[in-house]
Amino acid sequence: MSLRCRACIKCKTYIVIHPDNPINQVDIKKFEKNHSGHTVVTVDINEIKGAYAVFTDNGGAQTSNENV
């Protein structure tokens, strides 16, 4: 089973979804709040790997190659 993530098409950032992790659910809400008004989709991580950056709460981003 591959990982799913929420991705912002405009900003080219994403956050991995961990459905059983309550902290991750809070982070996803922050991600969606930061990207309100943007097109945010749920995709398989393999679809965006290398092209999108990982969302971090501190405003920075890391490329998907650094965290996967």
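The values are calculated or read from the model by the stated rules, or taken from the named source; none is laboratory data. Fair warning: this is a prediction, and the values are worked out from it, not measured in the lab. Neighbour counts run over all protein chains shown; Cβ positions are idealised from the backbone, glycine included. Remember, those area values only see protein heavy atoms, side chains included, never the ligands or the DNA or RNA. Shrake-Rupley method; radii C 1.70, N 1.55, O 1.52, S 1.80 Å.
Here the label points at E32 and E47, each 7 Å from Cα along the C-beta direction, are separated by 1.7 nm in the simple model.
Could you order H38, H18 so the one with the most accessible surface comes first? Probe is 1.4 Å.
Of H38, H18, the descending order of accessible area is H18, H38.
Accessible-area rank, largest first, for E32, E47: E47, E32, with all protein chains present and a 1.4 angstrom probe.
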